[in-house]
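Have a look at the structure below before the remarks.
Please treat every number below as a calculation from the coordinates, not as lab data. Because the structure is a prediction, the values reported are computed rather than measured.
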Amino acid sequence: MALTPEQALEQAALAGIHRLRIPTPFAVGRVNCYLIEDEPLTLVDTGPNSGKALDELGAQLGARGHSIDDLELVIVTHQHIDHLGLVEIVAEHSGAEVAAIGVAAERLANFDDDAEAEDAFAVELMLRNGIPEEVTAALRSVSRSFRGWGSRVEVTRPLGDGEEIGFGARTLQALHRPGHSPSDTVFWDAERRILIGADHLLPHISSNPLITRPLDGSGKRTQALAAYIESLRATREMPIEFVLPGHGDPVVDHAALIDERIAKSERRKEKIHGLIAERPRSGYELAQAIWGNVAVTQAFLTLSEVIGHADLLVNEGRVREADDGSVVRYEAA
Ligand SMILES: [Zn+2]
């Protein structure tokens with residue numbers, strides 16, 4: 001019998017892992033951080049950079065008899081600001097080590113330059129895929145306004161893929177699972193079969209593999225969805241009892257949820273293939289055909305979805321990109 005999400009939370013607490021729910025200003029709502037009562041005393045993710053988040057983090061640690069100053073290790077699961085905005089402040093107060101996947105360390109250390117470069121990359125990508133200039137300008141100013149909730153992060157303990165972090169009473173293995181973001185890392189307690197999964201697998205919402213620049217700085221865009229599906233398949237094979245996600249309640253049947261996510265993606269891919277088979281279309285035209293006006297208000301998100309699925313079709317040899325010099329259109333191969 002699978003556990004209920006409530007039982008999973010209780011089981012995690014018995015293992016010394018406590019969920020802290022920290023407020024964010026974003027549509028996703030609160031972010032889950034996890035306190036691990038062990039040696040070292042560890043916090044997985046911190047919440048965004050805001051006074052409100054800092055107050056709540058302090059209060060929720062206090063309810064368990066700890067303070068921010070007591071923390072000895074902070075683990076960063078991925079590069080998104082709702083998860084890591086407070087890391088630098090927490091590390092400064094506590095002197096805690098900061099661990100994250102090593103391939104992301106340089107990027108995390110250069111947050112401001114990196115955010116600017118990421119925005120420029122997104123605008124270029126949107127224009128190349130047929131999104132009107134005024135829409136890209138509006139999105140860019142929204143992105144700038146969010147930047148204050150982020151922060152640079154100095155990673156003092158870069159982790160290799162598969163590297164283990166030893167605690168007094170447990171071992172966590174860091175596993176790189178790119179897709180939702182290129183730095184997504186999950187932390188596996190093989191003995192207890194608990195996976196701290198962050199945004200790699202969320203219970204009620206899909207993990208939105210956004211198109212980004214790769215971590216290696218090559219400037220060539222990632223195939224975010226293709227990478228994500230590969231990562232999900234690797235996670236599916238693990239003997240996981242439950243996943244502690246970055247938002248919402250524990251996932252108690254990870255294989256079924258992953259199958260559901262992959263099946264949904266397959267259906268969307270076939271729908272996009274059908275639209276392309278009718279006539280060549282740009283990414284923006286495809287997004288409008290599927291989502292109507294949401295393709296305007298959520299232009300980057302919907303474009304990422306379309307490009308992600310078009311990548312799969314290109315990889316399968318069913319679709320190719322036709323570039324007229326200004327806009328890329330997809331056509332049936
Ligand atoms: Zn995220």
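Taking the Cα centre of each part, how many Å lie between segment 117-138 and segment 217-263?
Cα centroid to Cα centroid, the span is 28 Å.
Based solely on C-alpha atoms, express the radius of gyration and the Dmax of the chain in angstrom.
Spelled out, the Cα radius of gyration and Dmax of the chain are 20.2, 63 Å.
Just tell me which lysines come within less than 28 Å, Cα to Cα, of K220; anything on the same chain fewer than 8 places away is out.
Of all the lysines, those that pass the test against K220 - Cα under 28 Å, at least 8 places apart if same chain - are K264, K269, K271.
From the mean inverse distance of alpha carbon pairs (Kirkwood) and the Cα radius of gyration, derive Rg over Rh for segment 5-60.
Ratio of gyration radius to Kirkwood radius for segment 5-60: 1.00.
Looking at the calculated P(r) for segment 84-133, what percent of the C-alpha pair distances fall above 13 Å?
Roughly 69 percent, once rounded to a whole number.
Taking all pairs of distinct Cα atoms, average 1/r, flip it, and tell me the Kirkwood hydrodynamic radius of segment 230-294 in Å to one decimal place.
After inverting the mean inverse Cα-Cα distance, the result is 14.2 Å.
Kindly provide the helix-only [θ] at 222 nm of the chain, computed as the sum of -39,500 (n - 2.57) over DSSP H runs of four or more divided by all residues, to the nearest 500 deg cm²/dmol?
Helix contribution divided over all residues of the chain: -13000 deg cm²/dmol.
Over all distinct Cα pairs, what is the inverse of the mean 1/r for segment 99-168, reported as the Kirkwood hydrodynamic radius in Å?
14.2 Å
Calculate the translational D of segment 12-155 in whole µm² s⁻¹ from Stokes-Einstein, where the hydrodynamic radius comes from the Kirkwood formula applied to all Cα pairs, the temperature is 20 °C and the viscosity 1.002 mPa s.
Here the translational diffusion coefficient equals 133 µm²/s.
When all C-alpha to C-alpha distances in segment 224-333 are sorted into bins of 10 Å, what percent of pairs does each bin hold, rounded to whole numbers?
Per 10 Å bin, starting at zero, the Cα-Cα P(r) for segment 224-333 comes out as 14, 38, 29, 15, 4, 0 percent.
From Cα coordinates alone, what are the radius of gyration and Dmax values for segment 177-265 in angstrom?
Answer for segment 177-265, Rg first and Dmax second: 12.9, 40 Å.
Of R152, R177, R192, which is the most mobile in a GNM of the chain whose springs link Cα atoms less than 10 angstrom apart?
Per the Cα network of the chain with a 10 Å cutoff, R192 tops the list.
Build a GNM of the chain with springs between Cα atoms under 10 Å: which of R221, R213, R267 gets the top mean-square fluctuation?
R267
Compute a Gaussian network model of the chain, connecting alpha carbons closer than 10 Å, and tell me which residue from D69, D253, D119 fluctuates the most.
Ranking D69, D253, D119 by mean-square fluctuation puts D69 first.
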